[in-house]
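Notes for the one structure printed next.
The values are calculated or read from the model by the stated rules, or taken from the named source; none is laboratory data. Please read these numbers as outputs of a predicted model, since none were measured by experiment. No Cβ is skipped: glycine too gets one built from the backbone with ideal geometry, and neighbour counts run over all protein chains shown. Accessible surface areas use protein heavy atoms only, side chains included; no ligands, DNA or RNA. Shrake-Rupley method; radii C 1.70, N 1.55, O 1.52, S 1.80 Å.
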Amino acid sequence: MPAPTRHRLQPLLLGVLALSAVPAALLAADRVAFENSEKTVALVMDYPALAAQAKETGQTPETLLAHYRSLGVNGVAVYEDVVGSAVQKGRALLLSGADLKSRNPDLPGIDPQKTYLRSIEAGTVEDLARRFNFQALIEERTIGGQTWYEWPIDPRFLPAGPDTALIDSLKSQGYVTLYRPYDDQRVLNVGADWPDVPFIAFNGTEVIGARDPEQLQAIREKLGNRVPALIEGSRQTGLNDLIRGRTAARMFSLNATWQGRLSPEEVASKYALAARERTQRLLYLRPFPTQAETDAFLTRLGGQLDRAGIEVGTPEIRNYDPSSLLRALSLLGPLAALLLLGLSYPLPRVGLLVAGLAGLGALALNGLQPFPAFALIAAITFPALGIVLRRARITDWFIATGLSLLGVLFVSALGASRDSMLGLDPFRGVGLTLLAPLGLVLLSFLPRQDIRRTAQDLFRRPFSTGDLLILGLAGAAFAVAFLRRGNTSSVGVSNTEAKIRQDLQDAIIRPRFKEVLGHPLLLVGLSGVLPGYLGALGLLGGVMGQASILNTFSHFHTPLLISATRAFIGLGVGLVVGLIAVEVLKWLIRTWNTYGGWNGGQAPRELN
């Protein structure tokens with residue numbers, strides 16, 4: 001591999017890097033202080049599911065909720081009532097026209113295709129009728145000496161406003177109350193009767209008013225001090241516009257069907273992970289089919305939250321607002337690093353061209369927004385920078401790692417914002433943070449000669465079966481590592497690995513396997529123990545470990561200290577494994593070359 005170029009601007013650019021790290025470090029400290037103040041979550045139980053379990057176990061919802069409260073539950077999610085709720089509570093009577101006709105066959109004026117309601121509690125149906133834009137089509141009828149209201153549709157599932165008695169009772173008992181209104185375009189004056197609760201979560205795939213800008217503005221005004229919930233995994237249309245200039249609470253829940261396939265321990269692990277590593281402030285819970293399973297789930301969840309230092313209470317939701325001045329000063333760091341990377345290539349002109357294209361690509365990918373664009377530049381540049389600058393001895397691993405950790409400051413300073421930490425504006429180019437550093441290091445292997453000659457040499461180079469096998473295995477390993485990224489991937493994990501992951505994340509902050517494997521590969525590649533191009537393949541494999549460090553910190557909804565802990569655990573394990581691997585490889589190669597005198601004690605043919 002050719003040696004890097006030591007450009008005369010290198011000391012200046014390193015100085016700029018050091019100076020710009022100061023505002024980036026100040027922003028990191030500010031972010032840590034903010035995240036440490038956000039360690040309160042609410043355990044919110046779904047009230048309809050709770051009520052259903054209470055019936056099945058012969059209890060009242062209040063009794064069962066009190067029991068779950070003793071196990072940590074401190075909140076309740078209450079859905080908006082529907083017209084059918086008034087019937088269920090005995091406040092009104094509803095009959096289809098066909099049913100009413102069958103009961104009164106001799107009475108005229110009953111339309112079998114209409115629906116008829118009668119108030120049992122005075123004024124109930126009249127109040128319901130006034131909620132809807134078709135109220136003029138609801139006609140009063142006297143049937144059999146009783147007053148009925150003829151509705152043109154079956155209204156049982158139309159939104160009917162909050163159950164204020166239930167909500168007031170829950171609030172008086174100190175429960176954190178979350179209200180879940182329904183959306184229906186036939187409702188007049190939406191939001192006018194919303195209860196005074198701290199949180200609100202919309203149903204379905206869009207918020208109320210998402211299709212009508214005027215109504216959405218009206219909903220914004222009626223929110224008042226209520227904080228909308230951002231439901232994990234459900235990007236509701238219109239929510240970004242609704243919370244513009246406001247704050248929002250991240251909320252985690254599991255689909256009831258999926259939860260039914262998991263054990264209480266597995267579900268508890270997922271909720272604890274969401275609170276600890278994804279800054280979910282509202283944990284939306286549903287009971288298991290049996291009370292015993294629910295008890296086991298809540299007990300385990302409470303223990304895991306306690307070990308993580310997370311308090312169960314009423315979350316105070318605030319926006320993260322980093323200093324624009326400090327962020328602007330931090331822009332110089334990635335710019336200096338990218339320029340230094342290009343100038344350090346054996347072919348500086350090629351390096352500058354590559355650096356320029358990388359910078360322009362990052363800007364284009366982020367819509368010319370400087371802060372997220374330069375966060376991406378930092379994420380793809382710093383993992384490659386150390387390996388391009390120094391790769392002659394095993395101790396250069398510390399230089400590469402140090403520069404990668406320096407890059408973390410810039411990724412956090414420039415990428416962390418209110419929207420990115422809420423998950424509304426995810427990091428653009430997460431996949432590139434694993435792929436681009438590999439390409440940047442690979443291009444630095446170009447020798448100091450005419451590129452046309454290099455291309456010709458590569459084209460004419462003979463490849464043996466062993467070469468093809470090794471390169472094929474290396475490519476497959478990289479593809480698996482690249483595809484298995486994020487919370488979901490196109491390459492799954494085995495049940496055994498899934499169990500290991502869960503056990504690790506329950507016990508400690510689980511390191512990323514890319515780093516546990518990548519760091520030893522870099523150490524092996526730098527050690528010079530592998531012959532020929534195998535050492536270069538080791539370096540390229542090691543780039544994945546360095547890139548994974550920056551990739552870890554590009555998930556801004558994860559607290560900075562959690563990401564740091566994960567990275568340092570990976571570094572520690574990787575360093576130990578790598579040093580052991582170097583010694584084991586030395587012994588294996590020495591034994592292979594000398595055992596039995598098969599090769600006359602001579603080393604085998606060198607790989608070119």
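The residues listed here are Ala292, Ala296, Ala268; of these, the one that is part of a helix (DSSP H, G or I), open to solvent by less than 10 Å² (accessible area, probe 1.4 Å) and in the same structural domain as Gly209 (by the TED database) is Ala268. I'd like to know if region 253-261 contains one or more residues that are assigned by the TED database to the domain that holds Gly204, surrounded by 21 or more Cβ atoms within 10 Å (Cβ to Cβ) and part of a strand (DSSP E or B). The answer is yes; a qualifying residue exists. Within region 195-209, the residues that satisfy the criterion of being open to solvent by less than 10 Å² (accessible area, probe 1.4 Å) and either of a type in the set (Gly, Ala, Ser) or in a loop (DSSP other than H, G, I, E, B) (or both) are Val197, Ala201, Phe202, Val207, Ile208, Gly209. The set of residues in region 211-234 being in contact (Cβ under 8 Å) with a residue 12 or more places away in the chain and either under 16 Å from Met251 (Cα atoms) or polar (S, T, N, Q) (or both) consists of Gln215, Asn225, Arg226, Val227, Pro228, Ala229, Leu230, Ile231, Glu232, Ser234.
Beta carbons closer than 8 Å, at least 6 apart along the sequence or on distinct chains, never pair a first residue in region 48-68 that is among the hydroxyl-bearing types (Ser, Thr, Tyr) with a second that is surrounded by fewer than 18 Cβ atoms within 10 Å (Cβ to Cβ) and outside any helix (DSSP H, G or I). Contact map, region 181-197: residues that are of a type in the set (D, E, K, R) paired with residues that are surrounded by fewer than 13 Cβ atoms within 10 Å (Cβ to Cβ), Cβ distance under 7 Å, separation 6+ or inter-chain. Pairs shown: Asp183/Gly204; Arg186/Asn133. For region 280-294, what are the residues that are of a type in the set (D, E, K, R) and either more than 18 Å from Val76 (Cβ to Cβ) or under 19 Å from the mean Cα position of the chain (by Cα) (or both)? Within region 280-294, Arg281, Glu293 qualify. Across region 354-412, the qualifying residues are those that are among the hydroxyl-bearing types (Ser, Thr, Tyr) and open to solvent by less than 20 Å² (accessible area, probe 1.4 Å), and the one among them that is farthest from the chain's Cα centre (by Cα) is Thr401. Taking (1) crowded, with 17+ Cβ neighbours inside 10 Å; (2) in a helix (DSSP H, G or I) in turn, Glu221 satisfies each apart from (1).
So that you can scan it fast, the table gives a plain yes or no per residue for (1) part of a loop (DSSP other than H, G, I, E, B); (2) within 31 Å of the chain's Cα centre (by Cα):
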{"residue": "Pro11", "(1), (2)": "no, no"}
{"residue": "Leu17", "(1), (2)": "no, yes"}
{"residue": "Ala24", "(1), (2)": "no, yes"}
{"residue": "Ala29", "(1), (2)": "no, yes"}
{"residue": "Val32", "(1), (2)": "no, yes"}
{"residue": "Glu38", "(1), (2)": "yes, yes"}
{"residue": "Val44", "(1), (2)": "no, yes"}
{"residue": "Leu50", "(1), (2)": "no, yes"}
{"residue": "Ala54", "(1), (2)": "no, no"}
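A Cβ distance below 8 Å, combined with a sequence gap of six or more or placement on separate chains, defines the contacts here; from region 364-385, residues that are among the small types (Gly, Ala, Ser) reach residues that are open to solvent by 40 Å² or more (accessible area, probe 1.4 Å) in the pairs Ala373/Leu363; Ala373/Leu365; Ala379/Leu432. Starting from residues that are on the phi < 0 side of the Ramachandran plot and of a type in the set (Val, Ile, Thr), keep the ones in region 253-279 and report whichever is farthest from the chain's Cα centre (by Cα). Filtering region 253-279 for residues that are on the phi < 0 side of the Ramachandran plot and of a type in the set (Val, Ile, Thr), the one farthest from the chain's Cα centre (by Cα) comes out as Thr257.
Taking residues in region 542-553 that are farther than 17 Å from Gly475 by Cβ and buried (at least 24 other Cβ atoms within 10 Å of the Cβ), and partners anywhere that are of a type in the set (D, E, K, R) and modelled with pLDDT under 90, the pairs with Cβ atoms closer than 7 Å and at least 6 places apart or on different chains are Gly545/Lys514; Gly545/Glu515; Ser548/Arg512; Ser548/Lys514; Ser548/Glu515; Ile549/Glu515. Being open to solvent by 50 Å² or more (accessible area, probe 1.4 Å), modelled with pLDDT of 90 or more and of a type in the set (A, V, I, L, M) holds for only one residue in Val22, Val16, and it is Val22. Apart from one condition, Arg235 fits all of (1) modelled with pLDDT of 90 or more; (2) surrounded by fewer than 22 Cβ atoms within 10 Å (Cβ to Cβ); (3) within 20 Å of the chain's Cα centre (by Cα); the exception is (1). Filtered by the rule that a residue be among the β-branched types (Val, Ile, Thr) and either more than 22 Å from Arg276 (Cα to Cα) or open to solvent by 30 Å² or more (accessible area, probe 1.4 Å) (or both), region 43-58 gives a lone residue, Thr57.
Put simply, of Leu326, Leu340 the only residue that is open to solvent by 10 Å² or more (accessible area, probe 1.4 Å), over 18 Å from the mean Cα position of the chain (by Cα) and either over 29 Å from Ser417 (Cα atoms) or in contact (Cβ under 8 Å) with a residue 60 or more places away in the chain (or both) is Leu326.
For region 271-289, residues that are part of a helix (DSSP H, G or I) and among the basic types (Lys, Arg) total 1.
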